[in-house]
Structures are given as structure tokens and as C-alpha cells.
Amino acid sequence: MNAHRDTALFSPLAIPTPDGSGLTLRNRTILSPMCQYTVEQHDGVATDWHLQHYGAMAAGGFGMLTVESTGVDPVGRISPCDLGLYTDAQQAAHQRLVSFIHSQGAAAAVQLNHAGGRASGNPWLAGSHGGSAPVEEGGWPTVGMTDRSIAKGYRATTKLDRAGIEAIVQDFADAARRANAAGYDAIQIHAAHGYLLHQSLSPLTNTRDDEYGGSEERRFRLTREVVDAVRGAWPDSKPLGIRISATDWVDGGLDVEATARLVRNLVADHGIAWVDVSSGGLVNTPLQPAGPGFHASLGVAIKRALAGTDAVVSVVGGISSPEQAETMLRTGQVDAVSIGRAAMRDPHWPASAAARLGVPREDNPAAPQYWRAQW
Ligand SMILES: Cc1cc2nc3c(=O)[nH]c(=O)nc-3n(C[C@H](O)[C@H](O)[C@H](O)COP(=O)(O)O)c2cc1C
């Protein structure tokens with residue numbers, strides 16, 4: 001394990017597990033999940049593109065890679081071109097990715113998702129929430145917490161009844177079993193960015209008045225049930241994480257205090273060991289920030305909310321400077337950084353960052369084939 005204890009960024013990180021063994025990452029750089037919308041066959045099976053994409057990032061030194069949003073069932077995929085984890089062929093393709101990621105010394109996590117009313121989106125436009133794909137282009141009828149459209153351009157959903165909700169909870173558990181069979185080290189449940197769990201958490205989109213809506217307690221219920229089901233299907237030797245939108249950036253929406261209550265409960269009583277902090281995605285708002293490290297203050301707030309627990313907190317958003325990442329970790333703002341677009345620009349971002357921070361070549365996490373690149 002190429003760790004370097006003189007830096008915070010390249011020191012190892014242990015994510016707790018129920019059996020006490022913990023998952024140790026070689027460093028604190030985590031690849032943020034990023035949909036590639038590249039399953040041209042619409043069958044949810046990873047392609048050679050995914051292998052080269054994640055392969056380059058693993059060879060580039062990440063401590064852990066979070067494989068993109070992966071549908072727990074066909075209806076829950078963000079777009080027809082998304083990965084899935086509900087068939088044997090999909091599982092085998094994930095296994096191929098994981099196997100290569102492991103061969104490079106990185107850990108592998110998969111982000112499990114149900115997109116609810118934002119499912120069946122236009123690939124390429126889906127990331128910018130560009131509306132529903134027409135059925136003749138591979139789209140499908142969607143389900144959600146209500147019978148309304150989630151946003152402009154999206155078809156109205158069929159409101160999930162109790163049986164429908166139970167089936168989705170079961171789909172998450174089944175996908176977790178497949179993730180284990182494929183060799184994944186960690187799961188990240190997607191409860192952010194306007195997808196089904198976020199739709200159920202936020203008062204802006206959850207207008208139900210049954211046991212899944214109304215009070216905060218009831219709005220949090222579906223997420224708790226999914227976490228419990230996944231934790232129950234996932235080995236005690238492996239950690240479970242969640243990505244949250246810490247705020248909706250809208251009055252009357254989720255705010256950081258509510259999210260802090262949610263994650264405290266998930267960590268204390270439901271086995272969540274890793275919280276990845278993002279924001280927004282439910283409604284478009286000019287308040288949403290940008291710029292270097294734009295979620296840093298939210299990361300600090302969630303880390304503070306989890307003080308006294310051993311849960312690991314990572315934050316995503318505009319992190320591209322190694323010095324900034326190092327400072328965030330050194331000052332205890334968060335435990336790890338999630339890197340998104342900076343890794344698309346430079347798949348070897350960790351190797352470059354290590355060199356910049358003065359990590360000697362023998363401790364650089366890059367693949368040895370690339371050492372002569374002399375970062
Ligand atoms: C092409 C692309 C695809 C993305 N797909 C996902 C995804 O599958 N799941 C997710 O939680 N976030 C997704 N995101 C958001 C990123 O993970 C990340 O949170 C965001 O880009 C901000 O971090 P950055 O400034 O480091 O890029 C995506 C972003 C991009 C640019």
C-alpha cells in the first residue's frame with residue numbers, strides 16, 4: 001500500500017465496519033461517482049469504455065473509486081444508457097471492473113440508485129436534468145413519491161403504493177448482494193441530487209400524507225428502510241455509505257440542520273459508516289454555489305454533526321487543488337475528498353497531487369508503469 005504519512009491526503013483511511021475489521025484505503029482521495037451514459041445497448045451492462053475510464057483512475061492512484069450511479073432495477077435508471085445491477089450479465093461486467101480496480105491497489109465502491117421521477121432521462125442531458133427520454137428513444141413510464149412530474153420536461157410518475165415501495169427496498173437489497181458477489185468493497189446509497197430517496201426526504205417533493213410523508217420522521221422513513229435492507233444484505237466486513245444533498249438551497253426544503261439529524265440517526269442506529277456530502281439537485285436555484293471547494297462548509301457542518309462517532313465524512317465539489325485538499329484534511333474539516341471533474345481532466349489526479357505535495361516517488365500511488373513520467 002503506497003501510503004505517505006507526512007501528508008494528510010496520502011495517509012491511509014479506515015472506514016469502520018460492523019465486524020470491527022474496517023476497510024483501509026491507501027489514501028484519502030475518492031473518485032466521485034460520475035455517470036458515463038455509455039451503455040449503448042440499454043441493457044445496463046458496463047462496456048469497454050467503463051473499463052478504460054475506471055482503469056485509468058485506479059492506475060492514477062485513487063484510494064477508492066465510486067462507480068457511477070447504478071440502477072437497482074430497470075425503472076430506476078437515470079437514463080437508458082446507465083449501468084444496472086439486477087442481472088447476471090451486469091454483475092459479471094461489474095466484476096471485471098472491480099477486478100481491475102483491485103489490481104491497481106484501489107478499493108471499489110458502487111453507487112446504488114433509484115432515480116424515481118428523474119428516471120428515464122435523456123442520456124447526455126440527464127446529468128443536467130434535461131427531461132424524460134421519449135419511449136421511442138428507450139424511455140419508460142416512471143414511478144415516484146407522488147403522481148406529479150418532478151420537474152419541467154419530466155413525465156408524471158405513478159405514485160408508489162406500499163407494495164411498490166417495498167419492492168424497491170428489496171431491489172436495493174438484491175443489488176447489494178450482487179455488489180458483494182462482484183467483489184465491491186463498499187456501497188454508496190444515492191440519497192442526493194433529486195433522485196428517489198432525495199425526493200422522499202425533501203418536503204418540496206414529498207407531499208404524501210401516509211407513513212412515508214408528512215412529518216420529518218416519515219419523510220426519512222424510506223431512506224432508513226433502504227439503508228436497513230442494504231445493511232442486512234451486505235457483509236459485516238464491508239462498510240456502507242450514503243451520499244446526501246445537505247441542503248436544497250430553497251426555503252422550505254431540506255436544510256443542513258435536518259440533514260444533520262438524518263445522518264446522526266443513520267450512523268447511530270442504522271450502520272452508515274461513510275457520509276459523502278453534496279447538495280442540491282432537486283430544484284434549480286441560483287443560490288447553488290460554485291468555485292473552489294464549494295461544499296466545504298457543508299462538509300464541516302456534517303463532520304461536526306457526527307462528532308463522537310467513528311463515521312468517515314467526505315465532501316465533493318470543486319476540489320482540484322492538492323493544497324486545498326491537504327488543508328481541508330489537515331484541519332480536520334473532513335476525512336476524505338471526493339474528486340469529480342478534476343479526475344476527468346486528469347485521471348491521474350492523485351499521482352499528480354502526491355508529486356505536488358512532495359510525496360517521494362516510492363510512495364506515489366501511481367502504477368509503477370508510469371513512475372518514469374516523473375511527476
Ligand atoms: C459527467 C458527470 C456525471 C455525474 N454523475 C453522477 C452520478 O452518477 N452520481 C452522483 O452522485 N453524482 C454525479 N455527478 C456529480 C459529481 O459526482 C460531483 O458531485 C460534482 O461533479 C461536483 O464535484 P466536482 O466539482 O469535483 O466535479 C456527476 C457529475 C458529472 C460531471
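Residue farthest toward the positive end of the dipole of the chain, with Cβ of Lys/Arg at +1 and Asp/Glu at -1: which of Gly139, Thr223, Thr247?
Thr247
Tell me, how many Å apart are the Cα centres for region 155-197 and for region 199-218?
With region 155-197 and region 199-218 each reduced to a Cα centre, they are spaced 18 Å.
Using the alpha-carbon atoms, what tilt in degrees (0 to 90, nearest 10) does helix 88-103 show relative to the longest principal axis of the chain?
Once rounded, one gets 20 degrees.
At 222 nm, what helix-only mean residue ellipticity would the chain give, in deg cm²/dmol to the nearest 500, using -39500 (n - 2.57) for each DSSP H run of four or more? Each step should come with its number before you reach the end.
Numbers: 11 runs with 119 residues, N = 375.
Calculated at 222 nm, the ellipticity per residue is -9500 deg cm²/dmol.
Output the 0 to 90 degree angle, nearest 10, between the alpha-carbon long axis of helix 256-270 and the longest principal axis computed from the alpha carbons of the chain.
Roughly 80 degrees between the two axes.
How far is helix 48-59 tilted off the main Cα axis of the chain, in degrees rounded to 10, range 0 to 90?
That works out to roughly 40 degrees.
Only Cα pairs under 8 Å and at least 6 apart count here; give the relative contact order of the chain as a rounded whole percent. List each step's numbers first, then the result.
Working: 898 pairs, mean separation 65.7, N = 375.
Here the relative contact order equals 18 percent.
Based on alpha-carbon centroids, what's the gap between region 138-152 and region 238-297 in Å, whole number please?
Region 138-152 and region 238-297 have Cα centres separated by 23 Å.
Provide the packing ranking of 157-163, 203-209, i.e. peptides ordered by the mean count of other C-beta atoms within 10 Å per residue, highest first. Don't skip to the end; give the middle numbers.
Working: 157-163: 14.4, 203-209: 17.1.
Per-residue Cβ counts within 10 Å, averaged per peptide and sorted highest first, yield 203-209, 157-163.
Provide the three semi-axes, in whole Å and in decreasing order, of the ellipsoid equivalent to region 44-142 as defined by the square roots of 5 times the Cα gyration tensor eigenvalues.
Largest first, region 44-142 gives 26, 13, 11 Å.
Computed from the coordinates by the stated procedures, all read-outs in this text should not be read as laboratory data. The model shown is predicted, which means the values in this text are computed figures rather than measured ones. Neighbour counts are summed over all protein chains in view; Cβ atoms, including those assigned to glycine, are modelled from backbone coordinates with ideal geometry.
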